[in-house]
1. Going down the table (A:Lys109/A:Lys181; A:Lys53/B:Lys34; B:Lys71/B:Lys112; A:Lys181/B:Lys75; A:Lys136/A:Lys191; A:Lys179/A:Lys234), which pairs top 32 Å between alpha carbons?
2. Reported to two decimal places, what Rg/Rh ratio describes chain B when computed on Cα atoms with Rh from the Kirkwood expression?
3. Amide H to amide H under 5 Å from B:Ser86: which residues, 5+ apart in sequence or cross-chain, H placed 1.01 Å off N in plane?
4. Using amide H atoms built in the peptide plane, which far-off residues or other-chain residues are under 5 Å from A:Asn8 H to H?
5. For the stretch A:21-27, just list the computed ³J(HN,Hα) in residue order, Karplus coefficients 6.51, -1.76 and 1.60, θ = phi - 60°, integers in Hz, with x standing in for Gly and Pro.
6. Please give the Cα centre distance for the stretch B:118-143 versus the stretch B:57-73, rounded to the nearest Å.
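Derivation of every value follows stated rules applied to the coordinates shown; laboratory data play no part. Quick caveat, the model's predicted, so the values are computed rather than measured.
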Amino acid sequence: MSVFMDLNLSYTTDKNRLQSVIETAAHLGFSTVAINYGFEPTAKKKQEIPTPKPINELIDQLPIVQGRSRPIRVLNRLTVVMSDSSHFRPNAAEYRSFDLLAVQPTTEKLFHSACMLLDIDIICISVTEKLPFFFKRAPVNGAVDRGVVFELCYSAAIRDSTMRRYTIANALSLMESCKGKNVILSSAAEKALELRGPYDITNLGLLFGLSDAEAKEAISSTCRSVLLHAETRKTASGIIYTTKTCSDSTCQQEAPARSELCEAPAAKRPHLAE
Amino acid sequence: MVRVKSRYLLCEVNVSDRSLLLLLDDRAIAAAVKSVVARIHGDYGAALCSIRFSVKYLNAHTGIVFLRFPKRCYKLLWSALPFITSVESRGQNIPCFLNCLHVGGTIRTCQKFLVRYNTQQLHRMLPKCKNEEERQEVRKAILNCSLTRQNKETFQDETESEEDEEE
C-alpha cells in the first residue's frame with residue numbers, strides 16, 4: 001500500500017463539516033490532505049488574500065490514518081483564479097504562509113505563463129465549463145520539465161451530469177498533450193460524502209484517459225513530488241533551510257511546532273538528491 | 001473443465017449516520033449499481049451489468065458489500081461505482097458512497113481480507129472506548145477470535161455487533 005494524498009479539500013467556515021471531511025479522508029486511507037483556500041481577484045475592488053487558519057484550531061485531534069499508526073498530515077493551499085496577469089503577485093508575503101500554491105488560468109496566454117514562468121506548484125484545470133482554450137504541447141512540456149503539475153478535480157463530476165461531461169472532456173484533452181505525466185487527481189470535496197477511496201479514484205482515472213500505473217501515480221508519487229517542489233520553492237532549491245532559533249522563554253511555546261516543521265524537510269532531503 | 005471467471009469487489013458503504021446502514025438490503029444496492037452503470041455507460045454498460053452481476057453478501061451492521069462482476073468488464077463497471085451518491089431503500093433515500101477495499105478472484109480471498117480488515121478496525125476503535133470495562137471486553141473478544149481458528153467467524157460477528165453498540 002503506497003501513500004495516498006488528496007491535495008484539495010475545500011475550506012468551509014463550518015468547522016464540524018471540515019472536521020468530518022478530514023476524518024473521512026483518514027478513514028479512506030489518505031495520509032496527507034491539503035485544505036484549499038480559494039481566491040478570485042476581481043478588477044473592481046481589491047480583495048484580501050485569505051490567511052490560513054492554523055490546523056490545531058480547525059481540528060482538535062488529528063485522526064489516525066487507516067492502515068497506519070500515524071495521524072493524518074494536513075497542509076494549507078491557496079488557489080488563485082487568474083483572469084489577468086496582475087492577479088498573481090509573485091513574492092507576495094501572504095503567499096508564504098501557505099504550503100502549496102496553485103493557479104487556475106482562464107485564458108491561453110495566462111496558461112502559457114503559468115506553465116513557463118510563474119513560481120507555483122499546481123495548475124488547476126477547470127472542470128465546470130467547456131475549455132476556453134486548447135492545451136498546446138509547448139507550454140505543457142515546459143510545465144512537465146519544471147515539475148509543475150496539472151490538477152483534475154472529480155467531485156464536480158460526482159455532483160452533476162453536465163459537469164461530468166465537461167470533466168471527462170477536459171481531462172481527455174489534457175491527456176492528449178501531457179500523456180498522463182504530471183497529473184494529480186484530487187477531490188475538491190466540500191462534504192464528507194464527496195470523497196472517494198483511493199482505489200476507486202485509480203479506477204476512475206480510466207475514464208479520464210489515464211492508464212492503471214499513471215492513475216496510481218496521480219494520487220501517490222506525483223503528489224509527493226508536488227510537496228517536495230513546494231518545499232524547494234520555500235528553501236532555495238531545497239539546499240538551504242533557515243529556521244529561527246528561540247532562546248527567549250516567550251518563544252518556548254512555539255518551539256515544538258517549529259521543530260516539527262524543520263524535521264520534515266530534513267527527512268526528505270536524501271530523496272531530493274536522488 | 002475451465003470455470004467461469006469473475007471478479008469480486010469488496011466494498012464498504014460509507015454513510016454519515018451509521019444507524020442508516022441497517023436500512024440497506026441487497027436488492028437496493030443492486031438497483032443502485034445497475035442504475036448508475038446505465039447512467040454512466042449507457043445501454044452497453046447496462047447490458048454488461050445484466051449478465052453475471054450480483055450482490056453476493058451484505059453486512060448491514062458494518063456496511064460491507066460483496067459485488068460480483070464478470071472478469072472481462074469489471075474495470076468498466078467499477079469505474080461507474082464512484083458516481084453512486086445515494087441508495088434508495090425501503091422508501092428512504094440514503095446518501096452514501098461505496099469505497100472499494102479489495103478486488104479478488106474468489107469469494108474466499110475476499111473473506112480472508114475482510115477478517116483481517118475487521119480485526120484492524122477493532123484495533124483502530126479500541127482507543128475510542130469510553131471506560132476500562134468496555135476496553136477489556138473488546139480486548140478479550142479480539143484475543144478470542146485471533147487464537148481459536150475454528151470459532152473465528154462466529155467471534156468475528158460478535159465483536160462486530162459489539163462495536164456497533166459502542167459507537
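1. Where the Cα-Cα span goes over 32 Å, the pairs concerned are A:Lys53/B:Lys34; A:Lys136/A:Lys191.
2. 1.02
3. B:Cys96
4. Placed amide hydrogens put A:Ala34, A:Ser187, A:Ala188 under 5 Å from A:Asn8.
5. 5, 5, 5, 5, 4, 5, 5
6. 26 Å
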